[in-house]
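K.L.:
The following block contains the structure, expressed as structure tokens.
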Amino acid sequence: MDRWTVIDRKEVYADPPRLRIHAETVRLPTGQVISGFHQVELVDYASMVVEREDGRFILIRQYKHGLRDVSLTSPAGGLNPGEDPLKAAKRELLEETGHEASGWTKLVEVVTHANQRCCVGHIFHASGARQVAEPDSGDLEEQELVYLTREEAIAAIRNGEVRIASALAAFSLVLGGILPVR
């Protein structure tokens, strides 16, 4: 399939570094031109499924304002400008959980919204995690670390306790065996 061609791009709103909105004029493969096709730019992020040395998964229970509720989620966070996604994942793991992991596998990159893009999520699997410090995320949200076995993690997902899309995608890849974990 042919790609669309961006003819013009104008920033219509900016609140750096977290948000920018652009209006694009695009030409479709048919030749049709569409004006005002908005693109939303949010900060790209790293998300990870983390297994401790004892085989339990690390999840975080916290309030998420976009959800307007409490959810179990995986360690994750925004990339700093120019930051390598794996470096960001390792930084976020240490900040949010106080853990370091010995094994890292990049599972996939995903776009959050198919048409407006929004941001790119870099999803990792980390293994052999062990606590080396106290968590110090600096996040606004209050959080609780939760350690679950594979069966408990699957039950939590089935019970609707994991309600953040990036965490669901990451755990589905690892627990569902869709992508091989090395």
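The values are calculated or read from the model by the stated rules, or taken from the named source; none is laboratory data. Note that the structure is a prediction, hence the values are computed from the model and not measured. Note: ideal-geometry Cβ built from the backbone for every residue, glycine included; neighbour counts use all protein chains shown.
K.L.:
Name the one entry in VAL50, VAL26 that is surrounded by 12 or more Cβ atoms within 10 Å (Cβ to Cβ) and either at positive phi or not assigned by TED's automatic domain parsing to the domain that holds GLY160 (or both).
P.N.:
Result: VAL26 is the single residue among VAL50, VAL26 that is surrounded by 12 or more Cβ atoms within 10 Å (Cβ to Cβ) and either at positive phi or not assigned by TED's automatic domain parsing to the domain that holds GLY160 (or both).
K.L.:
Taking GLN143 as meeting all but one of (1) surrounded by fewer than 20 Cβ atoms within 10 Å (Cβ to Cβ); (2) over 14 Å from ARG61 (Cα atoms), write down the number of the exception.
P.N.:
The single condition GLN143 does not satisfy is (2).
K.L.:
Among the numbered conditions (1) at pLDDT 95 or above; (2) over 26 Å from VAL43 (Cα atoms), tell me where LEU94 comes up short.
P.N.:
(2)
K.L.:
When the residues of the stretch 97-133 are filtered to those that are in contact with a Gly (Cβ under 6 Å, 6 or more places away or on another chain) and within 22 Å of ASP44 (Cβ to Cβ), which remaining residue is modelled with the lowest pLDDT?
P.N.:
Within the stretch 97-133, the first condition is being in contact with a Gly (Cβ under 6 Å, 6 or more places away or on another chain), and the residues that meet it are 101-103, 110, 127-128, 131, 133.
With within 22 Å of ASP44 (Cβ to Cβ) added as a condition, the list becomes 101, 110.
Numbers: ALA101: 98, VAL110: 92.
This residue is VAL110.
K.L.:
Still on this structure: Which ones in the stretch 119-149 are closer than 20 Å to ARG68 by Cα and of a type in the set (D, E, K, R)?
P.N.:
Those that are closer than 20 Å to ARG68 by Cα and of a type in the set (D, E, K, R): ASP139, GLU141, GLU142, GLU144.
K.L.:
If I go through the stretch 76-124 residue by residue, how many of them are in a helix (DSSP H, G or I), small (Gly, Ala, Ser) and either closer than 16 Å to ALA169 by Cβ or touching a Phe, Trp or Tyr at 6+ places or on another chain (Cβ under 6 Å) (or both)?
P.N.:
Residues that pass the stated criteria total 1.
K.L.:
Same structure again: SER127 is checked against (1) part of a strand (DSSP E or B); (2) farther than 19 Å from ARG52 by Cβ and fails just one. What number does that condition carry?
P.N.:
(2)
K.L.:
Follow-up. Find all pairs meeting these conditions: Cβ atoms under 6 angstrom apart; at least six residues apart or on different chains; first residue within the stretch 20-32 and farther than 13 Å from GLN116 by Cβ; second residue of a type outside the set (Val, Ile, Thr) and loosely packed, with under 15 Cβ neighbours inside 10 Å.
P.N.:
Here the result reads THR25/ASP8; THR25/SER35; LEU28/TRP4; PRO29/ASP2, each pair linking the stretch 20-32 to a residue that is of a type outside the set (Val, Ile, Thr) and loosely packed, with under 15 Cβ neighbours inside 10 Å.
K.L.:
A further question follows. Out of the residues in the stretch 1-44 meeting the condition of being among the hydrophobic types (A, V, I, L, M, F, W, C) and part of a loop (DSSP other than H, G, I, E, B), tell me which one is nearest to the chain's Cα centre (by Cα).
P.N.:
Within the stretch 1-44, the match that is nearest to the chain's Cα centre (by Cα) is VAL43.
K.L.:
(1) surrounded by fewer than 12 Cβ atoms within 10 Å (Cβ to Cβ); (2) at pLDDT 90 or above: which one isn't true of ASP136, the others all being true?
P.N.:
Result: ASP136 fails condition (2) only.
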